[in-house]
1. Against the condition of a type outside the set (A, V, I, L, M), surrounded by fewer than 16 Cβ atoms within 10 Å (Cβ to Cβ), touching a Phe, Trp or Tyr at 6+ places or on another chain (Cβ under 9 Å) and modelled with pLDDT under 95, how does Asn12 come out, does it pass?
2. State which residue is surrounded by the most Cβ atoms within 10 Å (Cβ to Cβ) when the search covers only the range 15-38 and only residues that are of a type in the set (S, T, N, Q) and at pLDDT below 95.
3. Could you please give the count of residues in the range 62-71 that are assigned to a helix (DSSP H, G or I) and without any contact (Cβ under 8 Å) to a residue 40 or more places away in the chain?
4. Got a sec? Which helices (runs of 4 or more DSSP H) wholly within the range 3-61 have at least 2 residues that are more than 20 Å from Gln75 (Cα to Cα)?
5. Please verify whether the range 60-78 includes one or more residues that are basic (Lys, Arg) and modelled with pLDDT of 95 or more.
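The values are calculated or read from the model by the stated rules, or taken from the named source; none is laboratory data. If you're wondering where the values come from, they're calculated on a predicted model, not measured in any experiment. Cβ placement follows ideal geometry from the backbone for every residue including glycine, while neighbour counts extend to all protein chains displayed.
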Amino acid sequence: MNNPDITEVYLNMRKEERNKLLADSDKYLLLDFPISSNNLILVKDYRQKLRDYMDLSEVKNYNYASTTPIPDFPQFPF
């Protein structure tokens with residue numbers, strides 16, 4: 001059985017990491033940011049995956065969370 005304190009600390013760390021990645025990708029949503037419509041769709045999909053990440057049962061279960069990677073930023077040319 002998991003120690004609730006350790007699990008909570010771990011989940012908070014993952015959430016902070018996820019929130020930083022969301023904040024780092026905010027600029028791509030600005031109206032004056034030079035990005036193609038196709039790449040914008042990729043960024044929006046990525047951000048949705050980040051938001052959904054904390055709801056994954058594998059992430060909520062401390063034993064499996066470390067093997068569930070946070071989604072990677074999409075690769076596209078600028």
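1. no
2. Out of the qualifying residues, it is Ser36.
3. Number of matching residues: 1.
4. 4-24, 57-60
5. There is no residue in the range 60-78 that is basic (Lys, Arg) and modelled with pLDDT of 95 or more.
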